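Asker: For reference, the structure I am asking about is given below.
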Amino acid sequence: MTIILTEKAEFRLRAFLQGSGNSSSEKGIRVGVNDGGCSGYQYTLDTASTPRPDDLIEQQGKVKIYVDPQSAPLLNGVVIDFVEGLLESGFKFSNPNATGTCGCGQSFQAGDCAPSATSCH
């Protein structure tokens, strides 16, 4: 499984992790997918002090990334960027597994996968 952080995204995520107060070496970012949004699945992004026992763990630069096994097939190859503009600022996901997205860019469809928190495989 591969999740790619752009340089801007990694910088912003490192800042979030430093500001979260916990200085644990296990501190990282939890990336996932939940049922919901206007297209079926929505992205989740949060800080995590430690991984869960079944998490898949990646390292991008100085940022640890934790992904639950159910979200992993839907996030394989996703690129996370941070955009700043007059109308929009925040994290943007570019997902090669998405067969459709909504206008807000926060939710997506993925082929024959139904939003039921089960793997597409």
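Just so you know, all these numbers are worked out from the coordinates, no wet-lab data involved. If you're wondering where the values come from, they're calculated on a predicted model, not measured in any experiment. Every residue, glycine among them, receives a Cβ derived from its backbone with ideal geometry; neighbour counts consider all protein chains shown.
Asker: Pop a pseudo-label 7 angstrom from the Cα along the beta-carbon direction at both residue 54 and residue 86 and give the gap in nm to one decimal.
Answerer: It works out to 4.8 nm between the two label points.
Asker: Just to confirm a number: summing +1 for Lys and Arg and -1 for Asp and Glu over residues other than residue 14 whose beta-carbon lies under 12 angstrom from that of residue 14, what do you get?
Answerer: Taking every Cβ under 12 Å from that of residue 14, the sum is +3.
Asker: So who's got an amide H within less than 5 Å of the one on residue 64, skipping anything under 5 residues away but keeping other chains? H placed 1.01 Å off N, in plane.
Answerer: Residues meeting the criterion, in which the H sits 1.01 Å from N, are 29.
Asker: What's the local net charge at residue 49, with K and R +1, D and E -1, over the other residues with C-beta under 14 Å away? Working shown, then result.
Answerer: Working: positive: 27, 30, 52, 64; negative: 26, 46, 55.
After counting each charged neighbour, the total is +1.
Asker: Treat the count of other C-beta atoms within 10 Å as a stand-in for reagent exposure and order 68, 54 from fewest to most.
Answerer: 54, 68
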